[in-house]
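Data block below; observations after.
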Amino acid sequence: QAFVQQQDNHIKQLLKIVEDQHVQLDRQHNQIMELEDKVQSRAAFLFVGPVVSPNTGGANGSALRFVTLTFTFPGAAPDCTALYNSGIRSNGIYTIKPNGSEAFDVYCEMKFGTSWTVIQNRIDGSLDFNQTWDTYEHGFGDLKGEFWLGLNKTYSITTQGDYILRIELQDWKDTKRYIEYAFSLGSPETNYTLRLIRVSGNIPNALPEQTELRFSTADRDMGTATNFNCPENYLGGWWHSECEETNLNGKYVTPRPRGRLDKEKGLYWKPKKGRYYLLKSTKIMIHPTD
């Protein structure tokens, strides 16, 4: 009899838990509906997201494809943060229109209670970053994979106010690190001069602070103190000061046998003091300070 009573109490507890979960699900459903109403009434965006499509082959009978949903409303957000503030919470490709600029697509990453505009993404070496000045200026790649947003697009965003630059790095042991800078980006007439001040991070700084760094490519080298053509020799455009400092747009190099990497050609983060950080993936994002 005691056992039956114990089982009865246990069942009642389970029923109470299920009832509470239903209440929470109803509350979450209402919140989702409210967010959808905000999206439909206040935002203009293009979102691309992955979905699993059955009967399309693949190892388990399914494959990953992308579905594009287009919403057209008057006006456009000036950056990803404005989209987030309008109620959007999904990572994806959106159309923005910075003040005084034409509209263009960007990848917005929602994290840390806000949204970041991604200006560079490298994950697997599928895209050649050894490009010309014109290509770096206008952008290249696929916003769903590896890409460089474009110097002119990034500049048009940053002219709207003060922004934070965040660099996320992952090494070949899958350890993730980051660093954030207060920064300014100059106009095309200054060759998109970059100035940085480190504000936070869990990796030593590897970019000069309070120094004007002009962007260079192999066909338009701005020169360094050593008069060495860094982009031509390190296979990627960048804000070079000294060639060996760091190179996040260089040639993508995978580990050689026994896990060894060629430090001279590849993605790496090299502080003034300490060891190289040889990189598997990099992501550069910006977010307004306000």
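The values are calculated or read from the model by the stated rules, or taken from the named source; none is laboratory data. The model shown is predicted, which means the values in this text are computed figures rather than measured ones. Here the Cβ is made from the backbone with ideal geometry for all residues, glycine too, and neighbour counts use every protein chain on show.
A few notes on this one:
- Residues (outside any strand (DSSP E or B) and among the polar types (S, T, N, Q)) located in region 208-222: GLN210, THR211
- The set of residues in region 187-220 being closer than 13 Å to THR154 by Cα and surrounded by fewer than 18 Cβ atoms within 10 Å (Cβ to Cβ) consists of SER187, PRO188, THR193.
- Filtered residue count, region 200-221, keeping only those that are among the small types (Gly, Ala, Ser) and in contact (Cβ under 8 Å) with a residue 40 or more places away in the chain: 2
- The set of residues from region 183-207 being aromatic (Phe, Trp, Tyr) and not in a loop (DSSP other than H, G, I, E, B) comprises just one member, PHE183.
- Checking each residue of region 157-171 against the condition of being touching a strand residue (DSSP E or B) at 6+ places or on another chain (Cβ under 6 Å), of a type in the set (D, E, K, R) and more than 29 Å from PRO255 (Cα to Cα) gives no match.
- Residue check, GLY145 free of Cβ contacts under 8 Å to residues at least 40 places away in the same chain and under 23 Å from THR81 (Cβ atoms): no
- Counted residues, region 151-181 - those being closer than 20 Å to LEU267 by Cβ and not hydroxyl-bearing (Ser, Thr, Tyr): 15
- Scanning region 171-182 for residues that are more than 15 Å from THR246 (Cβ to Cβ) and assigned to a strand (DSSP E or B) yields a total of 3.
- So LEU127, is it assigned by TED's automatic domain parsing to the domain that holds VAL199, buried (at least 20 other Cβ atoms within 10 Å of the Cβ) and of a type outside the set (Gly, Ala, Ser): no
- Among the residues making up region 111-124, those that are within 19 Å of ALA77 (Cβ to Cβ) and buried (at least 17 other Cβ atoms within 10 Å of the Cβ) are SER115, TRP116, THR117, VAL118, ILE119.
- Of all residues in region 153-162, none satisfies being assigned to a strand (DSSP E or B), under 19 Å from TYR181 (Cα atoms) and not aromatic (Phe, Trp, Tyr).
- Exactly one residue out of LEU267, LEU279, LEU213 is modelled with pLDDT of 90 or more and under 19 Å from the mean Cα position of the chain (by Cα), and it is LEU279.
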